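Read the structure below first, then the notes.
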Amino acid sequence: HIDTSAAASNGVAAPACENLWAVHNNAMRFLPNFFEKEQLTKLYFCFPDPHFKRKNHRKRIITPPLLAEYAYSLCPAGCVYLITDVSELMEWMVAHLTESP
């Protein structure tokens, strides 16, 4: 859901997308409540928090438990898009996505 009133109040044209949904939430807790099996065709991870400390790596958005949730929600021909300005994080995400079934 895109808040078109906020965009309009800033003098920005409302997006032309009809099937776009952005939500700020805890994916680790609530992702299974939002999507059905194979419902999504694309997943975007844009500049996620890198959680540099090793003890906080479990909080990253790409982890084995979450990859299982993403795989459930993503259709067989679905795509995952990643963007970050932290090379260590990109390597982490690519490695975990590559290892995931």
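The values are calculated or read from the model by the stated rules, or taken from the named source; none is laboratory data. Quantities reported herein were computed from a predicted structural model and do not represent experimental measurements. Here Cβ is always computed from backbone atoms with ideal geometry, including for glycine, and neighbour counts include all displayed protein chains.
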Of the numbered conditions (1) at pLDDT below 85; (2) in a loop (DSSP other than H, G, I, E, B), residue 38 satisfies every one except a single condition; which is it? (1)
Of the residues in the range 16-36, how many are exposed (fewer than 10 other Cβ atoms within 10 Å of the Cβ) and either touching a helix residue (DSSP H, G or I) at 6+ places or on another chain (Cβ under 8 Å) or closer than 21 Å to residue 97 by Cβ (or both)? 3
